[in-house]
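S.K.: Provided herewith is a single structure, encoded as C-alpha cells, for subsequent inquiry.
The values are calculated or read from the model by the stated rules, or taken from the named source; none is laboratory data. Given the structure is predicted, the values throughout are model-derived calculations rather than measurements. No Cβ is skipped: glycine too gets one built from the backbone with ideal geometry, and neighbour counts run over all protein chains shown. To get the accessible areas, we keep the full protein, side chains included, count just its heavy atoms, and leave off ligands, DNA and RNA. Shrake-Rupley method; radii C 1.70, N 1.55, O 1.52, S 1.80 Å.
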Amino acid sequence: MLNALLGQKLVIATPRPGTTRSCVLGVYASDDPPTQVAFVDTPGLERPKGALGRVLIDSAKQGLVDCDVVVFVTEAPKASAPPQVNEKDATVLKTLEVSNVPVILAINKVDRLKAKDRLFGFIEAYQKKRSFDAVVPISATRGTNLQALLGEIRERLPEGLLYDSDFLTDRPERFFVSELVREAAMLNTRQEIPYGIACELDSYREENGLLRIEGTLIVEKQSHKAIVIGNQGETIKKISTEAREQIEAFLQRKVYLRLWVKAIPGWTRDPIKARQLAIKEGEA
Ligand SMILES: Nc1nc2c(ncn2[C@@H]2O[C@H](COP(=O)(O)OP(=O)(O)OP(=O)(O)O)[C@@H](O)[C@H]2O)c(=O)[nH]1
Ligand SMILES: [Mg+2]
C-alpha cells in the first residue's frame, strides 16, 4: 500500500507474514494541493510468538509514537467468510485503544472481492469494534481509491510542510538493498524458512565504476541453509539474480551482488539476536 501511495517501490512486500520488520519512513508529496504525508510503515502488530515476534511488536509500537493519524490496514473478506472482525485484527485494535489519534480503516485488496456489497456488513462489524474516523476500501495493486485515502489522511494532519520537496526517506540506500535481498530470499523459500531469514551486508563499495555488494543471508537452522542454497546452488543463484535486478531498478545502476548463507541456530528465539538481526536502527 505504501509503495502504491508513493508511486514507487520503496518497501518490500511478500505473501509471507512478518515481512516488515524495521519501521520505514516514506514521504508522499504532491503540489496540488500542497501536501506532504510522512508515512511510517510498521510491522504487523499481531505476530507469531517467540522472541522475533516480540521484537516486531516493539518495532511496530515505536512506529506509532508521535504519529498524527493511524491507518489501520485490513483486507477485504473472502467471498465465503462471514462479515466479522477477524481475531488478529481484534487484538491489534485493542492495542490501539490507548492511542488518541484518529484511526482510519483502510480495507485493502477489494480487487479480490467480486460482490462489493459484502463490504457493508464487514464495515459495520469493524465500526462496532471501535468508531473509526473514516473507512476507505482500497486496492493497492490496482490503485483503487488511493486518492480518497490520501484525502482522509490529509484532512487530519497538522498544517505545514516539513520536508524538502524531493525528500523520500531517512533510511540509507544500504538499508533498502539489504531489504531487497531479504525479499528475494523470502519469495524463493517456503513454510517457516522465510520468517527466519535475515540479511546483513558485508561490503558495499565502488570498484571500477561498478557497485560491488556482498551480503549474508542468515537462517535459523542448519537444515534451512541447504534449502536456501538449493540443489547445485540453484536457489541461491535465483535469489541473487532476482535481488540484483531489484537493486538495479531501485538504484538505477548496474551492481555486482554476491551472497553467502549462514545458519545462526535459533536466532529468532533469542531476544538479543532477534533484535540485532531483524531490526535495523538508523544505519543499515
Ligand atoms: N490482491 C491484492 N493483493 C495485494 C494488495 N496489496 C498487497 N497485496 C499483496 O498482499 C501481500 C502482503 O503484502 P505486504 O505489503 O507484505 O503486507 P503487510 O501487511 O505489510 O505484511 P507484513 O509486512 O508481513 O506485516 C503481498 O503479496 C502483496 O502483493 C491488493 O490491493 N490486492
Ligand atoms: Mg509490511
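S.K.: GLY63 passes all but one of (1) modelled with pLDDT of 95 or more; (2) in contact with a strand residue (DSSP E or B) (Cβ under 9 Å, 6 or more places away or on another chain); (3) within 16 Å of ligand 2 (Cβ to nearest atom); which number fails?
M.R.: All conditions are met except number (1).
S.K.: Turning to a different aspect of this structure: Being at positive phi and at pLDDT 90 or above is the requirement here; does ASN108 meet it?
M.R.: The answer is no for ASN108.
S.K.: Let me ask you something else. Please work out if PRO34 is more than 11 Å from ligand 1 (Cβ to nearest atom) and either under 16 Å from MET186 (Cβ atoms) or without any contact (Cβ under 8 Å) to a residue 60 or more places away in the chain (or both).
M.R.: no
S.K.: Tell me which residues, restricted to the range 175-212, are in a strand (DSSP E or B) and buried (at least 23 other Cβ atoms within 10 Å of the Cβ).
M.R.: If the condition is that a residue be in a strand (DSSP E or B) and buried (at least 23 other Cβ atoms within 10 Å of the Cβ), then ALA198, CYS199 are the ones that fit.
S.K.: One residue is enough: does the range 143-165 have a residue meeting the conditions surrounded by 15 or more Cβ atoms within 10 Å (Cβ to Cβ), aromatic (Phe, Trp, Tyr) and out of contact with any Pro (no Cβ under 6 Å at 6 or more places or on another chain)?
M.R.: no
S.K.: Give just the number: which of (1) within 19 Å of the chain's Cα centre (by Cα); (2) surrounded by fewer than 19 Cβ atoms within 10 Å (Cβ to Cβ); (3) modelled with pLDDT of 95 or more; (4) not in a strand (DSSP E or B) does GLY282 not satisfy?
M.R.: That leaves (3) as the condition not met.
S.K.: Does VAL98 satisfy the condition of being away from ligand 2 (no atom under 16 Å from the Cβ), within 19 Å of the chain's Cα centre (by Cα) and not basic (Lys, Arg)?
M.R.: no
S.K.: Return the residue satisfying two criteria in turn: it lies in the range 10-36 and is charged (D, E, K, R) and more than 16 Å from ligand 2 (Cβ to nearest atom), and of such residues it is surrounded by the most Cβ atoms within 10 Å (Cβ to Cβ).
M.R.: Our first condition is that a residue be charged (D, E, K, R); within the range 10-36, this holds for 16, 21, 31-32.
Now restrict to residues that are more than 16 Å from ligand 2 (Cβ to nearest atom): 31-32.
Numbers: ASP31: 7, ASP32: 5.
Ranking the qualifying residues of the range 10-36, first place goes to ASP31.
S.K.: Hey, among the residues in the range 37-49 that are open to solvent by less than 30 Å² (accessible area, probe 1.4 Å) and outside any loop (DSSP other than H, G, I, E, B), which one's nearest to ligand 2 (Cβ to nearest atom)?
M.R.: It comes out as PHE39.
S.K.: To continue, here is another question. Look at the range 44-53 and say how many of its residues are modelled with pLDDT under 95 and either touching a helix residue (DSSP H, G or I) at 6+ places or on another chain (Cβ under 8 Å) or closer than 20 Å to ARG171 by Cα (or both).
M.R.: 6
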